[in-house]
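The values are calculated or read from the model by the stated rules, or taken from the named source; none is laboratory data. For clarity, every value in this text was computed on a predicted model and none was experimentally measured. Here the Cβ positions follow ideal geometry from the backbone for every residue, glycine too, while neighbour counts run over all protein chains shown. We work out accessible area using only protein heavy atoms, side chains counted, and drop any ligands, DNA or RNA first. Shrake-Rupley method; radii C 1.70, N 1.55, O 1.52, S 1.80 Å.
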Amino acid sequence: MRFSHLGEMFFKNAAVEPERTAYLYKKDGAYVSVTYREVEEKVRNIAAALIANNVSKGKKVALLSENRLEWALTDYAALTCGAVVVPLYPSLLPKQIQYIINDSEAVALFVSSKDQYEKFRQVSSNCPNVITIVGMDLPSGDSSYATLDEFIEAGKKYIKDNPDCINKAMELIKPSDLATLIYTSGTTGDPKGVMLTHSNFISNIEGGLEALDVDENDTFLSFLPLSHVFERMVGHYLAYYVRAKIAYAESIDTVAENMIEVKPTLMASVPRLYEKIYARILENVENGPGLKRKIFYWALGVGREYVN
């Protein structure tokens, strides 16, 4: 394998072209670009803050958030420490969050918003292992959590006194070490945590690239939940492995609009999206003039004949 673990993949790729755009996200109605240098610095500082909070190899870090840049930063930062990331679907209910946090024995929790934090707060007294709580979009001034900006600043200070803390943590990581616990919905009973190692992901990436022609000239649009292994593999790790740009859709409802804005060359998808696109096209055709309908169905027939 090209990399021993996902933390090594992150930092080595970030060093290739530091000023190149790594991520795109929507802010104030427009997409904003973030360079490899910027994400590397933030990941390094978040990782240092985790280490300062005694999050070390094998410790579990829960991540309760929608798809966003901070999801990726937190994931790589935790993996850099040798920690195990436990992604939580933002649609989960408080009791479900409680179960997964306790079952995984998570000691840290990152939440995206006030709504997500409130769900955890309802069950926080039943989650005694969680010592560190970080909010991505939470206001400052609440002693029950740290904002992500505050956490990053704490990491900066820790690195000044412990400049080798990241390298020391990464030296302990082996390919066979656990990288994540992904909890399945399950058909019966409580969710089960699927154990995946660093080498599981990297070998899958390299196997996938034998079939997919993807490189640094591509742009991914990420919209499926990163809490699921499919999007995490394709639109997160594989995309970063080849240093393609990764753009985040605002939501599942804005995918069509975001596709026009980002002009992605690749995206991981599911049949339901294609069904929705197909239904929308047919609706527009049926509501259009007769000549337009005839041309459309004629072209569709020609296409089917060519494929067959």
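A few points about this structure:
- Inter-label distance, Arg121 to Lys12: 4.4 nm, where each label sits 7 Å from its Cα along the C-beta direction.
- Net charge contributed by nearby residues that have their C-beta within less than 12 Å of Pro90 (K/R +1, D/E -1): 0
- Calculated diffusion of region 46-143, Stokes-Einstein form, Kirkwood radius summed over Cα pairs, 25 °C and 0.890 mPa s, µm²/s: 186 µm²/s
- Between 0 and 90°, nearest 10: helix 69-80 axis offset from the chain longest Cα axis: 50 degrees
- Expressed as a whole percent, the accessible area of the chain that falls on carbon and sulfur atoms is 52 (1.4 Å probe).
- Anisotropy class of region 39-92 from Cα gyration tensor, a/c 1.5 cut: oblate
- Å² of accessible area per residue within the chain, as computed with a 1.4 Å probe and no ligands counted: 51 Å²
- Rounded tilt (10° steps) of 198-209 against the dominant C-alpha axis of the chain: 20 degrees
- Against the chain, whose longest principal axis is taken from its Cα atoms, helix 94-104 shows a tilt of about 60°.
- With all protein chains in place and ligands, DNA and RNA left out, the 1.4 Å accessible area ranks Lys27, Lys59, Lys119 as Lys27, Lys59, Lys119, largest first.
- For region 1-31 versus region 50-104, the gap between their alpha-carbon centres in whole angstrom: 20 Å
- Fully extended contour minus Cα-Cα distance, from Glu283 to Asn204, at 0.36 nm per residue: 24.5 nm
- Here the Gaussian network model covers the chain, with springs between Cα atoms less than 10 Å apart; of Ile133, Ile277, Ile100, Ile277 fluctuates the most.
- Sorted from greatest to least, the principal axis extents spanned by the alpha carbons of region 218-266 come out as 26, 22, 11 Å.
- The lysines within cross-link reach of Lys119, meaning a Cα-to-Cα straight distance under 26 Å and a gap of 8 or more places when in the same chain, are Lys26, Lys27, Lys59, Lys60, Lys95, Lys192.
- Projected area averaged over orientations for the chain, convex hull of C-alpha atoms, nm²: 19.1 nm²
- An oblate overall shape is assigned to region 72-118, the ratio a/c of its alpha-carbon gyration tensor axes (a ≥ b ≥ c) being 1.5 or greater and a/b not exceeding b/c.
- The chain - mean residue ellipticity at 222 nm from DSSP helices (-39,500 (n - 2.57) per run, n ≥ 4, rounded to 500): -13500 deg cm²/dmol
- Alpha carbon Rg of region 137-271, scaled by the compact-globule rule 2.2 N^0.38 Å: 1.30
- Here, region 254-296 is characterised by an Rg to Rh ratio of 1.08, where Rg is the alpha-carbon radius of gyration and Rh the Kirkwood radius.
- Computed FRET value (nearest 0.05) for Ala256 with Met1, which takes r as the C-beta separation and R₀ as 41 Å: 0.65
- P(r) histogram, all alpha-carbon pairs of region 198-291 included - 5 Å bins from 0, percent: 3, 13, 21, 21, 17, 11, 7, 4, 3, 1, 0, 0
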